[in-house]
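Some notes on the structure that comes next.
The values are calculated or read from the model by the stated rules, or taken from the named source; none is laboratory data. Not measured: the values here are computed from a predicted model. Ideal geometry is used to build each Cβ from the backbone, glycine not excepted, and the neighbour counts take in all protein chains shown. The area values use the complete protein model at the heavy-atom level, side chains included, leaving out ligands, DNA and RNA. Shrake-Rupley method; radii C 1.70, N 1.55, O 1.52, S 1.80 Å.
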Amino acid sequence: MFTRTSIAVFAAIGLTSVISAAHGETVLNVASAGSQNMVDYVKTYLAPKFEATHPGVTINVIGTGPGDAGSQKIYEKLSAQKDSNQPTWDIDVAVVHQKMGGEMVKDDLLAKYRSQIDTGKLVSRDSAKNALGTNVNGYVMPMFHSQTAIAYNSDFVKHPPTSYNQLVTWTQQHPKAFGYNGIKNGMSGVSFVTGWIYAYGTNAKTLSSEPYNKANEANWKSAFAKLKAFNKNVTFTPGNAGTLDMLNRGEIFMGPVWVDMFYSWKAQGKIPPSMKLSLIAPGMPGQPMYYVIPKKAAHPELARQFIELATSPEVQAQGIVKRFNWYPGIDAKYVKSKLDKATWDRLFAEITPEDLSKYGKSFPIAQYFDDIKEGYERQVSN
């Protein structure tokens with residue numbers, strides 16, 4: 001039978017208490033950081049699917065808010081329950097950002113479960129093993145991957161750059177036709193700058209997966225000087241949406257964007273069909289959202305079954321790719337047969353799974369990330 005889906009929200013100061021189950025019901029508490037569309041996805045898509053095959057189980061969806069702050073609230077809740085020695089914790093499944101997934105593993109808040117679900121073997125990207133320098137192998141399953149790329153107007157750009165080096169040359173030949181939002185008005189610009197450091201400062205592997213070494217910053221001086229010179233030939237945009245707006249109006253012909261946002265705008269007719277994407281070498285960063293299971297979840301077996309459903313090829317295809325234009329958390333090759341050709345081509349014709357595997361990078365670990373933003377302010381903005 002179908003049972004109702006209950007919704008709770010976090011108060012400004014933290015998690016509200018979970019609601020009590022009716023007699024005989026089992027409540028699986030799923031806490032999701034992220035924007036409201038992610039909470040709605042769990043509530044209206046995943047929960048009914050799971051409840052339909054699990055009579056007597058109710059999914060209680062708890063939204064914690066967007067950004068890292070949403071993940072921080074989940075961390076604080078679990079940490080408090082650990083510190084108070086509670087025998088079971090009242091979150092069974094959580095959706096958290098990559099950075100917080102690593103923090104939770106380091107603080108012994110999560111169960112190691114990926115090898116216990118059938119879909120665990122369908123994951124191929126390094127982000128399932130490494131969360132900004134922390135080994136999370138076995139503790140996380142990617143819900144989806146967001147990714148940044150370079151959008152360009154193919155009516156005017158017939159041969160788009162395939163690397164940062166080629167992009168520099170292109171902007172010299174086409175001043176002000178490339179636009180990005182710096183590092184203060186949206187993460188697409190931050191991603192572009194991070195990719196620049198990967199290209200001209202220190203490689204992505206070192207900055208995203210190896211221990212912090214302040215000495216690496218010495219390699220960035222020339223990279224920032226090169227970026228300051230590059231910026232003289234670009235147009236600054238007012239934000240993630242602002243870059244797409246300026247592309248749509250023809251004020252710029254190229255700029256970094258979030259892939260899911262790009263395809264959503266394209267589907268809505270807010271940017272023309274001539275807009276295309278390229279993921280340039282040596283790569284640009286994106287990030288996953290993780291499904292995790294708290295170490296003392298009240299219903300660990302049901303939690304594993306829920307995540308197994310959520311990361312199955314069919315659900316990843318229809319729920320993640322088709323609904324949101326996100327890249328799947330599992331390897332795309334397992335999703336292809338579950339999608340119609342038009343949907344597959346929309347997301348993978350321009351940036352292939354092979355491109356993602358080669359050029360899809362993680363953001364750097366927190367200390368390096370802070371150093372990059374500080375260095376930009378000090379050496380590029382001034």
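General remarks:
- Rg ratio for the chain: its Cα radius of gyration over 2.2 N^0.38 Å, N being its residue count, equals 1.01.
- Taking amide H as placed 1.01 Å from N in the peptide plane, the amide H of Asn130 sits under 5 Å from that of Val136, each at least 5 places away or on another chain.
- The chain: angle of helix 67-83 to the longest principal axis, Cα-based, in degrees nearest 10: 40 degrees
- Length gained when the stretch Asn85-His159 is fully extended (0.36 nm per residue, less Cα-Cα span): 20.6 nm
- Theoretical FRET efficiency, 1/(1+(r/R0)^6), r = Cβ-Cβ of Ser357 and Glu301, R0 51 Å, to 0.05: 0.95
- Radius 15 Å from Cβ of Leu302, net charge of other residues (Lys, Arg +1; Asp, Glu -1): -3
- Residues in the stretch 276-286 carry Karplus couplings, in order, of 9, 10, 9, 9, 8, 6, x, x, 10, x, x Hz; the curve used is 6.51 cos²θ - 1.76 cosθ + 1.60 with θ = phi - 60°, and Gly or Pro positions show x.
- Across the accessible surface of the chain, with the other protein chains kept in place and a 1.4 Å probe, carbon and sulfur atoms take up 51 percent.
- Residues Ala69 and Gln116, FRET efficiency given R0 of 30 Å [Cβ-Cβ distance, rounded to 0.05]: 0.45
- A simple count of charges around Asp92, restricted to other residues whose Cβ falls under 13 Å of its Cβ and scoring Lys, Arg +1 and Asp, Glu -1, yields +2.
- Hits among lysines - C-alpha to C-alpha of Lys176 under 25 Å, sequence gap 8 or more where chains match: Lys158, Lys184, Lys221, Lys226, Lys228, Lys232, Lys266, Lys270, Lys276, Lys373
- Shown in residue order for the stretch 243-258 are the 3J(HN,Hα) couplings computed by the Karplus curve 6.51 cos²θ - 1.76 cosθ + 1.60 at θ = phi - 60°: 4, 5, 4, 5, 5, 4, 7, x, 6, 9, 10, 7, x, x, 9, 7 Hz (x for Gly and Pro).
- Partners for Lys106 among lysines (Cα-Cα distance below 24 Å; same-chain residues under 8 apart left out): Lys73, Lys77, Lys82, Lys121, Lys129, Lys205, Lys214, Lys295, Lys296, Lys361
- Total formal charge among the other residues, if their Cβ is under 15 angstrom from that of Leu339, Lys/Arg +1 and Asp/Glu -1: +3
- Computed over protein heavy atoms with a 1.4 Å probe, the accessible surface of the chain works out to 41 Å² per residue.
- In this simple spin-label approximation, Thr169 and Ala267 carry label points 7 Å from Cα along the Cα→Cβ vector, and these lie 3.7 nm apart.
- Simple spin-label estimate for Arg378 and Asn219 gives 1.8 nm between the two label positions (7 Å along the Cα-to-Cβ direction from each Cα).
- Here the simple spin-label model places points 7 Å from the Cα toward Cβ, and for Ala229 and Gln36 these points are separated by 4.8 nm.
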